[in-house]
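Working notes, beginning with the structure itself.
The numbers here are math on the coordinates, done by the rules we state, and not lab data. Computed from a predicted structure; not experimentally measured. Quick reminder, even Gly has a Cβ in these numbers, built from the backbone with ideal geometry, and neighbours come from all protein chains shown.
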Amino acid sequence: MLPKEQNELLTRTGPGTLMGDLIRRYWVPALLSEEISKPDCPPARVRIMGEELVAFRDSRGRIGLIAEHCSHRGTSLYYGRNENGGVTCIYHGWKYDVDGNVLETPAEPPESDFRKKLYHPAYPTHEAAGIVFAYLGPKDKMPLFPSYEWMQVPLEQTYVTKALLECNYLQGLEGECDSSHLSFLHRAFDASPGQRLYQLDTSPVYETEETDFGVRMIALRKVPPDQQYVRVSSFVMPLSGCIPAGGRTGELDGFEVHSYVPADDTHAWRYDFGFKRSRPVREEEVHRRKQIGPDYRRIRNMRNDYLQDREMQRSRNFTGIEDFLNHDACATESMGPIFDRSKEHLGVSDKALIAVRRYLLRVVKDFQEGNAPPHLVYEGAHNRFPHVDSIAEVIPANVTWREHFGHLTETATVENRLAARSVRKVS
Ligand code: FES
Ligand SMILES: [Fe+2]
């Protein structure tokens, strides 16, 4: 259980809030590249942490992320014309470039230099892995863009989806720190090897450890007679969970990163990014794409009770709802827009989630006291993260996960990680 003040602290992310200011110190996903797919295409609406923005790709392919409302009298630039190097407001023709400069004010007299005195808010962006990331913090504190493994692989070895979650971001994020729900919420009544592993042991033993990037979470399930199923997940500052994808249910090749970016305090954008280390991704593998409409809203949502099918619930799976994306959404949205965590009763199975909350509360407090937040990189030499990995594997019961996955230690280099995993090197 979390006292009300701490719940407020962690869930409020608008401008000027402590958590909001903390998250703004990191690069966060702002939109998918496909939303502004070509130069001069229509602008896209972007909502992040209560801020109303528009993104556009100018005639030269540069990306702009600027305040949505025109600096003149507030008309939305979403409706604007994106052409000839900027977005033009449809009301009186004020034109903006990607840096927020006002290029033209054609309703003003030709000799007016009024526009040069204006500042229209604009944020730096960085495009990688099919995602446009943004930095919304103070300009003098901007870190390097982090060079994670999943951003280095060729685009055809990756996939990404975006879907609106209709509740506070922390409810979504906490679902990534909770391995035990896999045995229930995502249970299918079939005999696949992966399902068997979850059902053999529904109350895993958890270990957690704080790292330089956040919290590593390990769930250990018994596999009789002499093995154990290990799942290593990571909470990565500030908004992401890295979770194993494949493993015994598929192939041990890459993992997924699920990020929950607050749109406002009662909505979040869930980005599911996945990659394969060794091969291109096949479209049919990204089954969750079928669950999301063109507006990035899920087809199964709270207004249609996630199209729950009680017959399916009797005969096919635990929920009667199709696809894990909707399972997670139903479980977390049905808590309400911002769950009051003073009402919860946490058990042993919530150990990882408790560790992540404790870590976040300490980081927020440190930040409030003027200390630099963790996992921000300002020097190229430190911009590699081989130990941000995520694994699902059955190993002998008499070996510890730490012995078995030596590359997870913080001091691991890229080289010993590659040697440990025998995976293809990515540049
Ligand atoms: S409101 Fe945009 S130009 Fe007047
Ligand atoms: Fe889940």
### Message
Show me the chymotrypsin sites (Phe, Trp or Tyr not before Pro) within the range 67-128 that DSSP assigns to loop and that have at most 11 other Cβ atoms within 10 Å of their Cβ.
### Response
Tyr119
### Phi-based couplings in Hz for the range 351-361 (Karplus 6.51, -1.76, 1.60; Gly and Pro marked x)
4, 5, 4, 5, 5, 5, 4, 4, 4, 4, 4
### Query
What does the convex hull of the Cα atoms come to per residue for the chain, in Å³?
154 Å³
### Cross-link partners of Lys290 among lysines (Cα-Cα below 22 Å; sequence separation of 8 or more within a chain)
Lys162, Lys276
#### Entry: At most 15 other Cβ within 10 Å, DSSP loop - trypsin sites (Lys or Arg not before Pro), the range 180-273
none
### Query
Restricting attention to the range 353-406, which GluC sites (Glu not before Pro) occupy a DSSP loop and are surrounded by at most 16 other Cβ atoms within 10 Å?
Glu369, Glu379
### Total formal charge among the other residues, if their Cβ is under 11 angstrom from that of Glu174, Lys/Arg +1 and Asp/Glu -1
-3
### Query
Summing +1 for each Lys or Arg and -1 for each Asp or Glu, what net charge is found among the other residues whose Cβ lies under 13 Å from the Cβ of Val87?
-2
### Query
From the square roots a ≥ b ≥ c of the eigenvalues of the alpha-carbon gyration tensor of the range 215-351, which class results: rounded (a/c under 1.5), prolate (a/b over b/c), or oblate?
rounded
### Query
In debye, nearest 20: dipole of the chain around its Cα centre with unit charges on the Cβ of K, R (+) and D, E (-)?
360 debye
